[in-house]
1. What number of residues in segment 322-349 are free of Cβ contacts under 8 Å to residues at least 60 places away in the same chain, of a type in the set (D, E, K, R) and away from ligand 2 (no atom under 16 Å from the Cβ)?
2. Take the conditions more than 10 Å from ligand 1 (Cβ to nearest atom) and within 27 Å of P296 (Cα to Cα) and apply them to F82. Does it pass?
3. Scanning segment 295-315 for residues that are small (G, A, S) and within 16 Å of ligand 1 (Cβ to nearest atom), which turns out surrounded by the most Cβ atoms within 10 Å (Cβ to Cβ)?
4. Going through S322, S330, S317, S364 one at a time, which residue ends up being more than 28 Å from E5 (Cβ to Cβ), among the hydroxyl-bearing types (S, T, Y) and in the same structural domain as E25 (by the TED database)?
5. Working carefully through the options R2, R90, R37, find the one that is within 16 Å of ligand 2 (Cβ to nearest atom) and either assigned to a loop (DSSP other than H, G, I, E, B) or at pLDDT below 95 (or both).
6. Could you tell me whether any residue of segment 42-62 is in contact with a His (Cβ under 7 Å, 6 or more places away or on another chain), within 7 Å of ligand 1 (Cβ to nearest atom) and assigned to a helix (DSSP H, G or I)?
7. Would you check which residues across segment 45-70 are over 23 Å from L129 (Cα atoms) and surrounded by 18 or more Cβ atoms within 10 Å (Cβ to Cβ) and list them?
Amino acid sequence: MRRAEVAVVGAGAAGLVAARELLREGHAVAVFEKSDRAGGTWAYDPRADADPLSLDPGAPGAVHGSLYASLRTNLPRELMGFSGFPLAGRVFAGDPRTFPGHREVLAFLDAFAEESGVAALVRLRAEVLRVRPLGQGQGEEQWAVAWRGEDGEVAEEVFDAVVVCNGRCTVPLVPKIRGIDKWRGKQMHSHNYRTPEPFRDQVRVLCTLPLISAGWKTRYSEDRLGKIELYQNVWLHAEIDRIQDDGPVQFAEGSAVSADIILYCTGYRYHFPFLDFDGLTVDDNRVGPMYKHVFPTKYAPNLSFVGLPYKTIIFQSLELESKWVAAVLSGRATLPSEEGMVAAVREEYRRMEEDGRPKRHTHSLWPEWVEYMNWLAEQVGEPQLEARRRDMYERALKCIWSLDDRYRDRWDEEEENNGGDCAPQGSICHTAFTARSST
Ligand SMILES: Cc1cc2nc3c(=O)[nH]c(=O)nc-3n(C[C@H](O)[C@H](O)[C@H](O)COP(=O)(O)OP(=O)(O)OC[C@H]3O[C@@H](n4cnc5c(N)ncnc54)[C@H](O)[C@@H]3O)c2cc1C
Ligand SMILES: *[C@@H]1O[C@H](CO)[C@@H](O)[C@H](O)[C@H]1NC(C)=O
């Protein structure tokens, strides 16, 4: 069994569980975290970027976090624990709800880091600036990690392997809307949304959601468009087509509305400012070529990524990805040859194209998430996904898609009910959200 010296970039949920699994497998670990605490996304940051669209991710002081103040989890706590360290059945920050607020998750991650021994390995205020392979093509391949410490000094250290865990919910994906230069109102990405107060005197807020779709070929159903019964002030619309000459937002299905703010809830893009070398690219939000979302084919196994895939039980997936990386590095699990991985990736891309799935959804695990989780589990000798967890996640997704926020507080009473209030609204392209002024 090989014991590797491993650098982990980032101390969010992914970096923390990656470090635990690497330790368990006998590796030596250093975790680099640029902020002043571990927890990543779950460390609520009341600041927002000066540019409400955050178009320049390299802007000085760019804010990492994307949580808003009142955020509660969208998955039940049972789906947000790690093996041997559950979130369910325990209370970490005084919030026992099934769908707790963000402070509870942060306190859980803090306790996890302490108990697993990872906390002591996290170097805070240590920003990784550059990761590069040494001795390319000479068999013995190692990695140089350049990082800036608290004092501003830049140092470079050599590791056998690097696991990238820098998060995927920081750099906004802002779609280009036709005619947007004619827009006279404000624009903001949800990355910078913290509290409702600044919106109180805005007459109408238009909120655009990304395509939420159960099947890639499904279109939104026309009869679902229009006002949502549930809310005073929410309408569903198909995709924004363009901004009209005199200001209103024109939707693809024909109607138009006026608004004061466009709030983009259009998701995020992968961004690795510290990686710059051949054979690994981000193209239309596809990080590739990447074997099973974890190992870049050219640099496997010594460079890996934990946390790229989504539309799955995130924490469990982070843990399985981490176990796989740790086992491959030790030699307990093996990868195909580079040619084998390249061929597998090519086949996967071909299948996505055949299914009409856009490149930018490469790392979405829907609908093959169970298959993926079980495949990972098999690589590392873990049991298959429990049916109970699978059903719970699918039930939560239906609730999320229903756009009915109340599911969180009804969840426990409706244990048996996975239809009713949480029936999906079809596949919704965009939601027009007009908030009435309080006057
Ligand atoms: C609004 C919102 C709601 C969500 N709700 C849920 C939910 O209910 N349930 C759920 O399971 N998931 C949810 N998620 C998904 C969430 O992203 C994951 O739960 C989890 O936080 C991902 O962890 P991560 O470690 O991959 O990334 P992050 O938590 O983003 O952590 C990345 C870390 O890397 C550090 N870093 C970045 N670059 C560098 C560098 N160059 N050098 C050193 N350190 C660096 C960052 O400072 C950060 O600490 C939500 C996400 C968002 C944005
Ligand atoms: C990975 O790192 C180990 C130890 O540094 C080295 O022996 C091995 O050749 C590396 N593998 C690749 C494919 O670079």
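1. 3
2. yes
3. Of all residues in segment 295-315, those small (G, A, S) come to 300, 304, 307.
Imposing the further condition that a residue be within 16 Å of ligand 1 (Cβ to nearest atom) reduces the set to 304, 307.
Numbers: S304: 26, G307: 29.
Ranking the candidates gives G307 first.
4. Values: S322 fails: more than 28 Å from E5 (Cβ to Cβ); S330 fails: more than 28 Å from E5 (Cβ to Cβ); S317 fails: more than 28 Å from E5 (Cβ to Cβ).
None of the others qualify; the one that does is S364.
5. Numbers: R90 fails: within 16 Å of ligand 2 (Cβ to nearest atom); R37 fails: within 16 Å of ligand 2 (Cβ to nearest atom).
The unique qualifying residue is R2.
6. yes
7. Listed by number, the residues that qualify are P52, L67.
Yes or no, residue by residue, for (1) surrounded by fewer than 13 Cβ atoms within 10 Å (Cβ to Cβ); (2) in a loop (DSSP other than H, G, I, E, B):
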{"residue": "G247", "(1), (2)": "no, yes"}
{"residue": "Q250", "(1), (2)": "no, no"}
{"residue": "G254", "(1), (2)": "yes, yes"}
{"residue": "L263", "(1), (2)": "no, no"}
{"residue": "T266", "(1), (2)": "no, yes"}
{"residue": "H271", "(1), (2)": "no, yes"}
{"residue": "D278", "(1), (2)": "yes, yes"}
{"residue": "V282", "(1), (2)": "no, no"}
{"residue": "V287", "(1), (2)": "no, no"}
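The values are calculated or read from the model by the stated rules, or taken from the named source; none is laboratory data. These numbers were taken from a predicted model, which means no experiment stands behind them. Don't worry about glycine lacking a Cβ; one is built from the backbone with ideal geometry, like all the others, and counts go over all protein chains shown.
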